[in-house]
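Reviewing the structure listed below.
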Amino acid sequence: FDRFLQKKQRILTREEVLFEPGENPYFYIVTSGALSIFRINPSLERKEVVRVYTGAFIGEWVISDRNQKDVLAVSITDRTIVTVLTKEDLEYLESQDPATLAKLYKHINNITSLRLSDTSKELALMYETTQKFQEFQEIDHRNAKLKELMFFARIALFGISTVIISFFLLVLNLAPIWAFLFASLISLAITSAVSKIGRAHVWTPVTAIDL
């Protein structure tokens, strides 16, 4: 059993690539050393997603005939030893030592379940973050509409109050130019006061979002 596994070992130097994204029928066990796992974005830039160390395994889905790998694996130590197995190798080992392979499969199942659980948590967090972002956008949109409405309301208030006050001052026989000047100043003061009162009583719900 051990001699068979030793024959399947591959020794990597630092920065040597173990595999690239694509069809790949191998199951990897890190016997010693460490690997860095990268995803490659559309602009062909590498982004490290995880590092795996002695005892870790990669590509367990080959057991279920899923050979596609979407990541790049690179050695990050001067000497990394990886045992490289195919599905046929695993079946052969199972025929030679069923008890040992049963333990391996159980270990693979446990680790895979943990990975899926972590992935589910990440997806849930992403969903929650997306929901909050959408809420923020909706609130921001409502605030923008409210600000726009208040702006036109101030203009309307200023215009109407200027006309009314000017008319009142003209009735008091004040010169038209002075009536308009005083009316404009008084209207500006009224508009500013109303705006301050409005801002003081408007609740801004953005602060209620826990980002």
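Overview of results
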read-out: Criterion: among the aliphatic types (A, V, I, L, M), open to solvent by less than 100 Å² (accessible area, probe 1.4 Å) and either at pLDDT below 60 or outside any helix (DSSP H, G or I) (or both) - qualifying residue of A193, A183, A156, A124; value: A124
read-out: Every pair of residues 6+ apart whose Cβ atoms lie under 6 Å, when the first sits in the stretch 39-67 and is within 15 Å of Y28 (Cα to Cα) and of a type outside the set (G, A, S) while the second is assigned to a helix (DSSP H, G or I) and modelled with pLDDT of 80 or more; value: V62/K87
read-out: Matching strands (runs of 3 or more DSSP E) fully within the stretch 1-89 where at least 2 residues are open to solvent by less than 20 Å² (accessible area, probe 1.4 Å) and modelled with pLDDT of 90 or more; value: 17-19, 27-32, 34-40, 72-75, 80-85
read-out: The one condition in (1) part of a helix (DSSP H, G or I); (2) open to solvent by less than 90 Å² (accessible area, probe 1.4 Å); (3) at pLDDT 60 or above that K132 fails to fulfil; value: (3)
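The values are calculated or read from the model by the stated rules, or taken from the named source; none is laboratory data. As the structure is a computational prediction, the values presented were derived from the model and not from experiment. Neighbour counts run over all protein chains shown; Cβ positions are idealised from the backbone, glycine included. We work out accessible area using only protein heavy atoms, side chains counted, and drop any ligands, DNA or RNA first. Shrake-Rupley method; radii C 1.70, N 1.55, O 1.52, S 1.80 Å.
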